[in-house]
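As structure tokens, the structure follows; a few thoughts come after it.
Here, each number is a calculation from the coordinates, and none is a lab measurement. None of these values were measured; they are calculated from a predicted model. Neighbour counts are summed over all protein chains in view; Cβ atoms, including those assigned to glycine, are modelled from backbone coordinates with ideal geometry.
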Amino acid sequence: YRYSLGGFYRYDEGPVVTGLPTEGLQLKGNITRLLDDGYLRLHAKYLDDEAQFFLPFPHETESQEAADGIDGDEITTINAEEAADFSFRTPDGVFESDMANGIVARGAQVMFEAFRDLGDGFTVESKTKWTDMHHEFNIFIPFPAFIPTDDYGSQFVDDPETQRARFTYANSPTNAAYTGQYVIDQGAWDWERPYTDIATDLQVSKDFVAGTATHNVTVGAFLSRTQVNQRDIHNSVLVEFADQPQLLDLTIQNAASSAPRMTRSRPSRTRASRTPSARWARST
């Protein structure tokens, strides 16, 4: 028998600290049974990896330096840690945010391999592989990078004479007001693409000598089936103009009353879709 084992574990807060770290591990190995005329080999792998995705953040137009947030601190990322903790209803049920996961690859793979020398120049080799993998793509998309606070609020005011826009911190226990000059309407997109795949490859070869040359003829067949499901959740969240921003709520209030008339909060927009697909492939 022969065997091989390996793997890795990683943890990294990233080139800039967002509160959403990169973390993952992989384990893989194989074991081989040696035969007099060939071998049998079993491969196995498990992967569970989460990596953060970084996108543009506000800069000063002339100097190209990173802009300062409302607290005076330099903005190095607009990834919002609070966006990892919210949920809302969709046609498929309640969606819970996975923004903390970043880009995810999680699943297992097993492959069986066999080789045998049949004699008289004939060999046969077979490989069969099964994969079950879950893939997620959780990313922040700023569009645009920032908007003047008054301009953003005015989009939802029907009558400026009797209504006003009020911005507050979404997770503030005291409903603290946000008074910054800018806000960021930021996409928090979740794409899920789980897939399964099974494939097998069979080859029969013959070595023979003709004249002074040795020749090889191989005949084989390949068969596979892959199934992929796709679910896209496109929503956006309203955040402050700051480094590692906090979520905001926007309420439209009547000027003569403190009762909110309309709420634009987390998430500010949502779109969901699901696309299943399956593919067969074979060749000889």
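Highest mobility in the GNM of the chain, judged by mean-square fluctuation with C-alpha springs under 10 Å and restricted to S236, S97, S63, is found for S63.
Rg of the Cα atoms in the chain, relative to 2.2 N^0.38 Å, amounts to 1.50. Packing order of peptides 82-92, 210-220, highest average first: 82-92, 210-220 (average count of other Cβ atoms within 10 Å over each peptide's residues).
Would you compute, from DSSP H runs of 4+ residues alone, the mean residue ellipticity of the chain at 222 nm, taking -39500 (n - 2.57) per run and dividing by the full residue count, rounded to the nearest 500? Display every interim value, and only then the final one.
Values: 1 runs with 6 residues, N = 284.
So the calculated ellipticity at 222 nm is -500 deg cm²/dmol.
Ignoring aspartates and glutamates fewer than eight residues from K127 along the same chain, the ones with Cα atoms less than 16 angstrom from its Cα are E113, D117, D197, D201. Sparsely packed loop sites in segment 111-172 (the GluC sites (Glu not before Pro) outside DSSP H, G, I, E and B with at most 12 other Cβ atoms within 10 Å) comprise E161. Remark: M99, M133 ranked as M133, M99, counting other beta-carbon atoms within 10 Å and listing the fewest first. Counted by Cβ distance under 11 Å from Y3, the other residues give a net charge of +3, where Lys and Arg count +1 and Asp and Glu count -1. Our summary gives the chain a relative contact order of 17 percent, counting only alpha carbon pairs under 8 angstrom and 6 or more residues apart.
Which loop chymotrypsin sites (Phe, Trp or Tyr not before Pro) in segment 1-78, with loop taken from DSSP, have no more than 15 other Cβ atoms within 10 angstrom of their Cβ?
Working: sites: Y1, Y3, F8, Y9, Y11, Y39, Y46, F53, F54; in loops: Y1, F53, F54.
Loop-located and lightly packed - Y1.
Note on segment 142-197: Cα convex hull, mean projected area over all directions, 6.8 nm². Extension gain for V124-D12 works out to 35.7 nm (0.36 nm per residue, less the C-alpha to C-alpha distance). With θ taken as phi - 60° and the Karplus curve 6.51 cos²θ - 1.76 cosθ + 1.60 applied, the whole-hertz 3J(HN,Hα) list for segment 169-177 is 6, 4, 9, 7, x, 9, 6, 4, 6 Hz, x standing for glycine and proline.
Between amide H atoms placed 1.01 Å from N, distances below 5 Å from Q246 occur with E240, all of them 5 or more places distant or on a separate chain. Applied to segment 220-231, the Karplus parametrisation 6.51 cos²θ - 1.76 cosθ + 1.60 on θ = phi - 60° returns per-residue 3J(HN,Hα) values of x, 9, 10, 9, 8, 9, 10, 10, 10, 10, 10, 10 Hz, with x for Gly and Pro. Packing around the peptides 180-187, 193-200, taken as the average count of other Cβ atoms within 10 Å per residue, puts them in this order, highest first: 180-187, 193-200.
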